[in-house]
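Student: Sharing a structure below in structure tokens format, with a few things to ask.
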Amino acid sequence: MTLHQHPDTPPAMPAIDSYQRVQKMLDAMPDFAALYTAVELDVFEALAAETTMTSDELAEACGADPAMMGRLLGWLQAHSFVAGNPSGYRLTEDGHVLTADADPSQRHAVLVTGSTYWREALGHLPDTVRRGYSTPPEGHPLYEYLIFTNGLAETFDRFMTARSTPVGRDLAAIDGWADVRVVADLGGGLGGVLAALVHAHPHLRGILAERSTVTGRAHSYVSGQGLLSRVEIIAADIFEYVPRGADRYLLSSILHNYSPEACVTLLTGVRQALQDNAGGEVWIIEGTLPRRPSTASPWYSTDIRMMSLFQGGRVRRVSELRELANQAGLSITRCAHLPCGQTLLVASPAPEREN
């Protein structure tokens, strides 16, 4: 076969077939390993601190073998995370999103996903599917494990904050906040959603209910946002205690961590709080699977992750969330898809049936 193509010109990419589609999934494993390695070695932080650095300078700064660093930089350049050549590399826009100061940043998402706990959970997926339930890596459920691993706990918090802040902005843009005085975020992490809401609506006060192991870091985050006078932080197990006094309760990316039974318990507690408060709503924010199973969606990947990490946790369809709400005595009154990709379901206590 005679080739007239210039050797530096890549061939045109043919339409991907089934075999190649699987190969792309296989290649995703070493690709993510390379990305995690670059983040874990602080390659992006080093380049963010200096305008350009040579391969050898990066190797020294990151405590890496020079030859191996050169090969890693080849991968990073091929995937557009860095630009340049051995005489000097610099960050691209794609590379900047992996620095700690980026807004939003993917650095913490990569570190969490590449951590030993996450990798082991996914590695045990065949056994999980066989048994019908997951076995926690390291012998501890996730949130218990985070108590003993402060570095990962803080990284996880920042990962969740990067994910939740856009949710807060989307919620803040929805009409209907004028008559709300107090909003409570149950299991709201550091307070990313609340901060976005309270910043956007100066008349609002917030309540953040979180585990006692998180409230200290939440206090620092809320203080940094300048909102300590407007956000009350309460240490609470939200399955046992839902704070009273809010006009609106938020459950943002909470239900997918838990079994149907646990979800009904939590939603029932919220319904009782609403009734004690003589009114109000609960806003449930979740990623949802499409109604048609054949429809592609990134939430299927999240569902596999939930399957590996949590006993009973799963990403659900809107119809399944409606059923959980109904079992807890709540009625879904509105449903909307948010720009961030998640779904908002608004619920209030269902009218009591007459005997």
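The values are calculated or read from the model by the stated rules, or taken from the named source; none is laboratory data. None of these values were measured; they are calculated from a predicted model. Neighbour counts are summed over all protein chains in view; Cβ atoms, including those assigned to glycine, are modelled from backbone coordinates with ideal geometry. For accessibility, only protein heavy atoms count, side chains too; no ligands or nucleic acids. Shrake-Rupley method; radii C 1.70, N 1.55, O 1.52, S 1.80 Å.
Student: Could you tell me whether region 210-224 includes any residue that is at pLDDT 95 or above, acidic (Asp, Glu), over 28 Å from Glu352 (Cβ atoms) and under 21 Å from the mean Cα position of the chain (by Cα)?
Tutor: Yes.
Student: Within region 148-254, which strands (runs of 3 or more DSSP E) (wholly inside it) include 1 or more residues that are in contact (Cβ under 8 Å) with a residue 60 or more places away in the chain?
Tutor: Here the list reads 182-186, 248-252.
Student: Just to check your reading of the model, which residue among Pro86, Pro104, Pro66 is modelled with pLDDT under 95, over 22 Å from Thr155 (Cα atoms) and not hydroxyl-bearing (Ser, Thr, Tyr)?
Tutor: The match here is Pro86.
Student: More than 25 Å from Arg211 (Cα to Cα) and either in contact with a strand residue (DSSP E or B) (Cβ under 7 Å, 6 or more places away or on another chain) or modelled with pLDDT of 95 or more (or both) - does that describe any residue in region 185-200? Full working, then the answer.
Tutor: Initially, region 185-200 is screened for residues more than 25 Å from Arg211 (Cα to Cα), giving 200.
In the following step, the residues that additionally are either in contact with a strand residue (DSSP E or B) (Cβ under 7 Å, 6 or more places away or on another chain) or modelled with pLDDT of 95 or more (or both) were identified as 200.
Yes - at least one qualifying residue is present in region 185-200.
Student: Quick check on region 53-78: of everything there that is part of a loop (DSSP other than H, G, I, E, B) and surrounded by 15 or more Cβ atoms within 10 Å (Cβ to Cβ), which residue is nearest to the chain's Cα centre (by Cα)?
Tutor: Checking each candidate, the answer is Ala64.
Student: Give the residues of region 255-270 that are assigned to a helix (DSSP H, G or I) and either aromatic (Phe, Trp, Tyr) or open to solvent by less than 50 Å² (accessible area, probe 1.4 Å) (or both), sorted by residue number.
Tutor: Leu255, His256, Asn257, Ala262, Cys263, Val264, Leu266, Leu267, Thr268, Gly269, Val270, listed by residue number.
Student: Could you go through region 329-337 and let me know if any residue there is under 19 Å from the mean Cα position of the chain (by Cα) and not polar (S, T, N, Q).
Tutor: yes
Student: Sort out for me the helices (runs of 4 or more DSSP H) sitting completely within region 87-136 that have 3 or more residues that are aliphatic (A, V, I, L, M).
Tutor: The qualifying helices (runs of 4 or more DSSP H) are 107-113.
Student: A further question follows. Provide a single number: the residues in region 15-25 that are surrounded by fewer than 10 Cβ atoms within 10 Å (Cβ to Cβ), part of a helix (DSSP H, G or I) and of a type in the set (A, V, I, L, M).
Tutor: Qualifying residue count for the region: 1.
Student: Output the residue which, of all residues in region 113-141 that are surrounded by fewer than 19 Cβ atoms within 10 Å (Cβ to Cβ) and of a type in the set (A, V, I, L, M), is nearest to Pro30 (Cα to Cα).
Tutor: Only one residue tops the list, namely Leu122.
Student: Got a sec? Which of Val214, Val282 is β-branched (Val, Ile, Thr) and touching a strand residue (DSSP E or B) at 6+ places or on another chain (Cβ under 8 Å)?
Tutor: Result: Val282 is the single residue among Val214, Val282 that is β-branched (Val, Ile, Thr) and touching a strand residue (DSSP E or B) at 6+ places or on another chain (Cβ under 8 Å).
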